[in-house]
1. Within the stretch C:30-88, count every residue that is touching a Ser or Thr at 6+ places or on another chain (Cβ under 9 Å) and within 12 Å of chain A (Cβ to nearest Cβ).
2. If a residue must be crowded, with 24+ Cβ neighbours inside 10 Å and modelled with pLDDT under 95, how many such residues does the stretch B:316-331 contain?
3. So for the stretch B:170-179 (the condition being assigned to a loop (DSSP other than H, G, I, E, B) and not polar (S, T, N, Q)), does at least one residue qualify?
4. Quick one: in the stretch C:123-148, which of the residues that are surrounded by fewer than 20 Cβ atoms within 10 Å (Cβ to Cβ) and not charged (D, E, K, R) is nearest to C:Gln45 (Cα to Cα)?
5. I'm trying to understand the selection: among the residues of the stretch B:245-285, which are modelled with pLDDT of 90 or more and aromatic (Phe, Trp, Tyr)?
6. Within the group A:Thr123, A:Thr84, which residue is modelled with pLDDT of 90 or more and at the interface with another protein chain (Cβ under 9 Å from one of its Cβ atoms)?
7. Keeping to the stretch B:27-49, report how many residues are touching a helix residue (DSSP H, G or I) at 6+ places or on another chain (Cβ under 6 Å) and charged (D, E, K, R).
8. I need the full set of residues from the stretch B:42-77 which are of a type in the set (Ser, Thr, Tyr) and surrounded by fewer than 22 Cβ atoms within 10 Å (Cβ to Cβ), in order please.
Amino acid sequence: MGFSLNANAQVAAQGVSKSDELRAFGSTTMRSRYYALINELRCPKCQNQNLSDSDAPIAEDLRNELFSLLDEGYSDQEIRDFMTARYGTFVLYQPPLTRFTLALWLVPLGLLLISGLIIWRMTGKPRGLTDPNFEHHASLQKVGAVNAGIEPISMKVDALDRHIAELERTHEHDK
Amino acid sequence: MISVIPEIGHLALLLCLPIATALAVLPMAGAAASWHLLQRSGPLLSSGLWLFLAVAFACLTYSFLHDDFSVVLVAQHSNTALPSYYKFSAVWGNHEGSLLLWVFILASWTLAVAYLGKSLPPDMHARVLAVLGGIAVGFLLFIIFTSNPFERNLISPPLEGNDLNPLLQDIGLILHPPLLYIGYVGFAVAFAFAIAALIGGKLDAAWARWTRPWTTVAWLFLTVGIALGSWWAYYELGWGGWWFWDPVENASFMPWLAGTALIHSLAATEKRGVFRSWTVLLAILAFSLSLLGTFLVRSGILVSVHAFASDPTRGMFILLFLAVTVGGSLLLYALRAPTIKPLATFKLLSRESWLLINNSLLAVSLAVVLIGTLFPLVMSALDLGSYSVGPPYFNKLFLPLMVLLMLFMGVAPYLNWKHNRLTPVLVRPWYMVSIVALGIAMLAVALLSQRYVTQWRFGAFITVALSSWLLLMTLTHAGLKARRFASAKNSSAWQGLASLSRSYWGMVVAHSGIAVMALGIGLTSSYSVQKELAMSPGAVADVAGYRFVLEKLEDVKGPNYSATIASFGVGRLSDGTLVKGLPIRLQPEKRFYYAAKNVMTEAGIHGRLTRDLYVSLGDSLEDERWAVRIYVKPFIRCIWLGALMMAAGGLLVVIDKRYMPRLPVRTDAPSDTVASKEQAVV
Amino acid sequence: MNARLRLFIPLLIFAVVALVFLTLEKRIGSGEYDPSNLPSAMLGQSVPAFNLSRLMDAEQVVDAEDIVGQAALLNVWATWCIACRAEHAYLNELASQGVPIFGLNYKDERAAAVQWLQRLGNPYRLNIFDFKGSLGLDLGVYGAPETYVIDAQGIIRYRHVGILDAKVWREKIEPLGLQWAVAQAQGAAL
């Protein structure tokens, strides 16, 4: 890799004297794209390292290649495609969307929904949510239930709960 | 003269097998048949197991320290030139030795349960020890039949050893595996309690109370172990990364997530008798995931920087062990766990509900890590192609989950058990805290963006706002709680603070730790500056407001390596001029290890809480120039500081008065009618 | 769903995971799968177009048409590659049986490579001199030695990473069912 005059000028403009950047980036955008890409592409030969972290010769080659592709004006996606065409989906740390990899995204989403549903069901109806005196309120309802002539002892608790909810609704109508 | 020490060690190891088998069988049988003599045999057998394993471990250590290359393991992983502290850590810097350490730690936990758990009901105590004995049997079989550390080569012992992998020649790696194993294996205790409770049919609040302190201790060791591993990767691998979502890292992170969920859900089970099936499942899961990690690292089915060399017989053996332990316990769970749903549904704004939300988020996070780790393996197994799942995937899913978790975490302390309302005091800090947090975030991001980059970083703003919000919410709660106590008792604010229980402080410190860690993660990923330069002696580089001057390069000889050391002088810049000269010295090295013929990079790091300066030396280029990587990483230390705070929080919880050993176990746990009904079903 | 049955879900998930592990272990044991070996992305595709010089004659240009036309091996090698030396004898043997082998001299010194062939024998019909590794990159080469099996239509049918030996030939390349016999007749032309 050569160090062009352009690179020295670029570096000097940032206040650096004598040390050149290893690569002559045309712009700061190009620099950040370069670092982003070498961090998300996997080195094909290494033990699970990205191109940035690996000292393997193939990683060095691919970094050089990536840099020249950027220089030639390839877009990020074109560079990813270039690498995948040669080394397979293996080199992408974020696998492309296919009918298999869909599971990677859908399963966590599904689990989140299911657990939300479970919590919703376990916490019961959001009754009394806005009522800070709910406890007090509910006990009043129970008294009401007993007064209505129902034998709570013989009832299943959840049936009682349902009944309370019903009474609560009528009670609100009364208000 | 040929030493017999390895033979003594081998013999001790072999003798462990019958002892562990007896431990697995006798107390369990005693508990089943109510035969008290057998039921009480656990502590004695545990002591025997520990003693013989200690002998075996000591013998292996002796062989390493005395360079006994007739022991194959020593010849493969040590060297006469290796400094003696690395000879010591080399004992577990390999597959066989680390397994011996694993089982030795298991025996130590078993011993601790045997003697500290004497206040448990005798049948429960016996069953717990038996389950731990059973696990020991599995691992001993594995060591003895597939991974004997004492294998010898007496016919032609080499004169010199192969040396320890240079990556492992490091202080962090002396401590990292033992801490990690103490955590992993510690979950075996929670696991044993869960199995014992399932067998005994007594899965109540008392069970949760006994399990809690053991789980917390294991969790805090695992926390420190993972943090240390991350720190090691940061300074030893030479590229400034601290977490890579590598399968082996994930393997240690999954039990941690399960353990974190477990310590929270145990609280609900203990205090309110709820979520029992879920809690017992988590206890099984935490340890199962530890075993899964062991399998992944040693089976040879994946490629990682951290994996051990492996052979297929080992993989098959661990798989078999996994099937028996995990499959068996999950089957037991399916058959015996209580099924009745709590009839008393709890309210949305109660602490129970929010613990459930916390657990759900942690469980989904765990699922993300598990799926991401296993996906490439599943694809390979079905021959559907070669995939990698790495940081871009995990970060995308993990970060939103963590944001949610932190939001819930901030409010959770303000909620009460059972009641469906926020503590009235919440209303006051809520707005204030949120406004202050937003203000801090604006200010911090404005300052940092000006300092490190020109543009405004939205991600950083969110992290600072969220972290300071969580921190303030947590601390405000402590303050309000102390004030309420002080005004009730007419005492000073300090007395009020001192009156709060240690376990409450544990929560405050651990949750603050999360905030600090999130701050570190957010800021370091938003503002880190990385430059790759070609520098010759005398060259100057200005990076992110610091001037780095390469003063000289020199060749140095270490005990078992030769190195090129670069000396950098670094100083702060203000308007392009140095403020106080070059007060900071950084000395990155490039080492060549003779025995392993291996080149290693040692980074030069100068750390402050607010930023790390990190220089690593690359290859030598033409005309005396060297490739140099310079990083400035703001607030990266907060990541490990946060982890240490979490562990400290765990420690505070454990030393809370109510968990101190030798206190009689209270049996007035809230076993309401629902609980007794469930027991009847079990 | 029955509440008891629901408790079997974790066991079920574990059983699936264990099955995956078992399959992997079996495939590794039988040599069918090696986690450190990457399957080639070029399988089923034509040899990429290239335009490089011959190793033996810098003036002469080679392109894909020069190596397409019969079932053949394309062997990636270099003098800096120790394993290449280990497989060289077997390549000589294959060549003597008439198997057409083309060489891709990968990121190497021309003089050293020529000398190597003079000393160890030349099993190659033709050697492509890829100094910059550009054809290597297009093929997805990530090290040496690698051997590509190309059919008569120029489609890449198999890629072997590492040393090529009789076992690999017997177990991996022969089962592809390519017409090596035709090549045998042509082998006389060597």
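The values are calculated or read from the model by the stated rules, or taken from the named source; none is laboratory data. Predicted model only: the values in this text are computed from it and were never measured. As a convention, Cβ positions derive from the backbone with ideal geometry for all residues, glycine included, and neighbour counts pool all protein chains shown.
1. 4
2. Number satisfying all stated conditions: 1.
3. Yes - at least one qualifying residue is present in the stretch B:170-179.
4. Restricting to residues being surrounded by fewer than 20 Cβ atoms within 10 Å (Cβ to Cβ) and not charged (D, E, K, R), the top hit is C:Ser134.
5. The answer is B:Trp245, B:Phe253, B:Trp256, B:Trp278.
6. Working: A:Thr123 fails: modelled with pLDDT of 90 or more.
Going through A:Thr123, A:Thr84 in turn, the sole match is A:Thr84.
7. Result for the stretch B:27-49: 0.
8. Applying the first criterion (of a type in the set (Ser, Thr, Tyr)) to the stretch B:42-77 yields B:46-47, B:61-63, B:70.
B:Ser47, B:Thr61, B:Tyr62, B:Ser70, listed by residue number.
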